[in-house]
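Note sheet for the following structure.
Please treat every number below as a calculation from the coordinates, not as lab data. Everything quoted here is computed from the prediction, not taken from an experiment. Don't worry about glycine lacking a Cβ; one is built from the backbone with ideal geometry, like all the others, and counts go over all protein chains shown.
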Amino acid sequence: MKNTAADNFREKLKLKNIEVQNSFKEKFPEAHKFFLEKGIELGKIRQHSARLIGAGALTGTLLLAPPTGSGQLPTPSEIIKSVENLKDNKIQEIPQKLLIDNLKSILPEVVRPLARDEEKRLEQLIKDITNIPAKASLEGEHLNTTYGYIGAEQHLKRYPGDILENHGPYYKEGIAPGLGAWGYFAHSKGELTTNLVDTEKWYAVVQTLYLPDWSSRQPYLRDWYKYRKVLIVNTKNGNSVVASIADSGPAAWTGKHFGGSPEVMEYLGGPRYKKGTVLIFFIDDPENKVSLGPVEYNKLNISSESLIQI
Amino acid sequence: MSILFFDKLVVLDKIDRKIKKISSSNEERQEFWQLVEEIIHHKVLGCCLDNLPSEHHCEFLEKFHNAPYDEKLLEYLDEKTKKDMKKIIKEEMKLLTKDLFLLDSHKMKPIL
């Protein structure tokens, strides 16, 4: 069946796009010529920027705002020392409080892509407190940013004919009319395994579409990211969840960098949590030992502590 | 630092909700997102160049090309234009949101 609302919108959006581009070209011919000579499409400047950030973060040449309470990034020996201190403190403090306090001291006040040494320090911190092998870079892959805003997403249809009523108990966000980036999770209801139920329940959305090499490294990247496990940490309260990447987005112009399923968002911040700052790191789990869902790391040491709601 | 220096000034949530509502597939949704993204980049850069005296255009374009993520570009623009460019870009985005919304209003006038 023809999707008339979408077709109508597409047609008008394309015309608007052409009109805006032509107007820019006519008004600023020197700028148009500049981008032509540089071989860059202004419409794809985000990918160019992501490429520069990636290279700069690796070589440490970016002029990043310093982390809170620190004028300089730590040296590797400082990282080791701080983690050792952490181990000593852990005996006395609630792990979640320790995580929150350390995140405060490592993360910058303003959300931005992190430098590699900041990410390394966070990897150590997370491993030590939650015992999850989280990595900002895994097998050479890295997201455009590992620190950003997460927004609430809808449930995804898992098989043809799936409806919202099958996704209890969180119905408020609804079910997306379209499919996730990797289509249905199963061909039919009968083929939906417990594992796939969990994959949709605890799903994350990341901006694969803005990766600088997304188009040029297909189908490898598409397969690599499909259901890739990530650790999401709410940087305000330390609540953490293991999720699988099952959709691509959100659009860059929404002010968000990641998305979370209704279950993920509920666990990260409670029923009213719609947007907040998080860290997202890949999980190095070749043997598939890390389960999807909440990371109840307080229970590793103190069984009576409950997670904090915001 | 954002991915683009103006990212924090551009939030078009309502358009995104509209796109999610009408898209039937992930490909369609991403196609719409990219079209909107291209419009935004041209609008924002046009807005910057509109307000920036022409003698600074070359320097600004070089700076933008070398570090599109650098939020210091806003300080540069404020200094050279002697205007509050954050405010101006936000206003431009409000107008764009209205424009894009009107695109989708297919209410027809009754034929008399």
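For the reader, a short list of remarks on this structure follows.
- Only one entry of A:16, A:33, A:25 meets the criterion of being part of a helix (DSSP H, G or I), more than 30 Å from residue A:143 (Cα to Cα) and facing chain B (nearest Cβ under 7 Å), and that entry is A:16.
- Under the condition of being more than 8 Å from chain A (Cβ to nearest Cβ) and among the aliphatic types (A, V, I, L, M), the residues counted in segment B:16-55 number 2.
- Criterion (more than 8 Å from chain A (Cβ to nearest Cβ), surrounded by 21 or more Cβ atoms within 10 Å (Cβ to Cβ) and within 17 Å of the chain's Cα centre (by Cα)) met by exactly one of B:12, B:96, B:74, B:4: B:96
Residue by residue, here is whether (1) over 24 Å from residue A:47 (Cβ atoms); (2) of a type in the set (S, T, N, Q) holds:
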| site | (1), (2) |
| --- | --- |
| B:23 | no, yes |
| B:29 | no, no |
| B:62 | no, no |
| B:81 | yes, yes |
| B:86 | yes, no |
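- Flag if residue B:99 is under 28 Å from residue A:30 (Cβ atoms), out of contact with any strand residue (DSSP E or B) (no Cβ under 8 Å at 6 or more places or on another chain) and not in a helix (DSSP H, G or I): no
- Listed by first and then second residue, the pairs linking a residue in segment A:142-166 that is away from chain B (no Cβ under 14 Å) to a residue that is assigned to a helix (DSSP H, G or I), with Cβ atoms under 6 Å apart and 6 or more places separating them unless they lie on different chains, are A:158/A:200; A:159/A:189.
- The requirement of being in contact (Cβ under 8 Å) with a residue 60 or more places away in the chain and under 25 Å from residue A:28 (Cα atoms) is satisfied by residue B:36.
- Residue match in segment A:191-209 (condition: assigned to a helix (DSSP H, G or I) and within 30 Å of residue B:97 (Cα to Cα)): yes
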